[in-house]
């Protein structure tokens, strides 16, 4: 195991030390005194690589990561798992905003609370399904524009009677699944998703994720399962498709019809390419 003292290290210097050590065959890292260094684990490959982070890593932890495992013994800042492909992340604390942006695979487990716009643009393809379990509460726009993958929110840090999500939950969602422990206030929902009870398939998806969460953070699975879950899934595949208009530079004809909504707002029914 390679131990790195990150105190007073610039993020570039820290990441260079890690990358060069991996090139020499090192697989296990213990990085101490981390304080805001960005991009730790970004783009790394290899399922046998383990990075243990003690402190608070900066933005974009594990962005584009493809296989390694990262354990953070502390909080994490914004952008965790940005466009991540594969691997696992465990955060023994809270995390910031815009987590899992465009995440394409792998698993993330967070013990505490998360911020705003978590899970935005998550996506899946065939067997590549990103998964994330959050033990605490989430801010506004949870699951925004979600196109695939699985988000689980447990709300274990919430006081009795407090909501565990903010507003605009699942706004623009057109793929994937969100599992909320407890009931969902319909006034917080975006119009693109609806709540449903769990079925046998949902139970099969949830159980291994919750088992991993409980094993890592020391929770009792039976206690978590005492509260029923609510499933959110999209009711529209392309909720904003009717609002998309081809760019004028793509036109090959002299004129092209535009949506009727343009006419209603005072735009001409046809437009010449020369008028661009």
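Extension gain for the segment residue 50 to residue 230, taken as residue separation times 0.36 nm less the Cα-Cα distance, is 61.4 nm to one decimal. A value for volume of the Cα convex hull per residue in Å³ was derived from the coordinates, and within the list (1) 177; (2) 142; (3) 132 it appears as (1).
Classify the stretch 82-207 from the C-alpha gyration tensor, please: rounded if a/c falls under 1.5, else prolate or oblate depending on whether a/b exceeds b/c. Kindly include the intermediate steps, with their values, before the conclusion.
Working: a/c = 1.35, a/b = 1.16, b/c = 1.16.
Rounded.
Select from 233, 17, 224 the residue whose mean-square fluctuation is largest in a Gaussian network model of the chain (Cα-Cα springs shorter than 10 Å). In this elastic network of the chain, the residue with the biggest mean-square fluctuation among 233, 17, 224 is 17.
The gain in end-to-end length when the residue 194 to residue 23 segment is fully stretched comes to 56.8 nm, 0.36 nm per residue minus the alpha carbon separation. What is the helix-to-structure angle for 200-217, meaning the angle in degrees between its Cα long axis and the longest Cα principal axis of the chain, kept from 0 to 90 and rounded to the nearest 10? Tilt relative to the chain: about 40 degrees. For the chain, modelled as a GNM whose springs connect Cα atoms under 10 angstrom apart, the maximal fluctuation among 101, 219, 168 occurs at 219. Ranked by the mean number of other Cβ atoms within 10 Å of their residues, highest first, the peptides 65-76, 35-46, 183-194 fall in the order 65-76, 35-46, 183-194.
Gain in length, residue 215 to residue 203, computed as 0.36 nm per residue apart minus the alpha-carbon separation, to one decimal in nm? The partial results should precede the final answer.
On the way: separation 12, 0.36 × 12 = 4.32 nm, distance 1.80 nm.
Going from the current span to full extension adds 2.5 nm.
Secondary structure note: in the chain, about 25% of the DSSP beta bridges are antiparallel.
The distance from the alpha carbon centre of the stretch 1-80 to that of the stretch 161-186 is 32 Å, rounded to a whole number. Taking the longest Cα principal axis of the chain as reference, the axis of helix 11-23 is set at about 70 degrees.
Any idea what the relative contact order of the chain is, in percent, if you count C-alpha pairs under 8 Å spaced at least 6 apart? Don't jump to the answer; show the numbers that get you there.
On the way: 740 pairs, mean separation 25.0, N = 276.
Averaging sequence separation for qualifying contacts and normalising by length gives 9 percent for the chain.
Placing a pseudo-label 7 Å from each Cα along the Cα-to-Cβ vector at residue 16 and residue 32 gives an inter-label distance of 2.3 nm. Our helix-only sum for the chain, with -39,500 (n - 2.57) per DSSP H run of n ≥ 4 divided by its residues, gives a mean residue ellipticity at 222 nm of -4500 deg cm²/dmol.
A short reminder: the numbers here are calculations on the coordinates, not readings from a lab. The model shown is predicted, which means the values in this text are computed figures rather than measured ones. Neighbour counts are summed over all protein chains in view; Cβ atoms, including those assigned to glycine, are modelled from backbone coordinates with ideal geometry.
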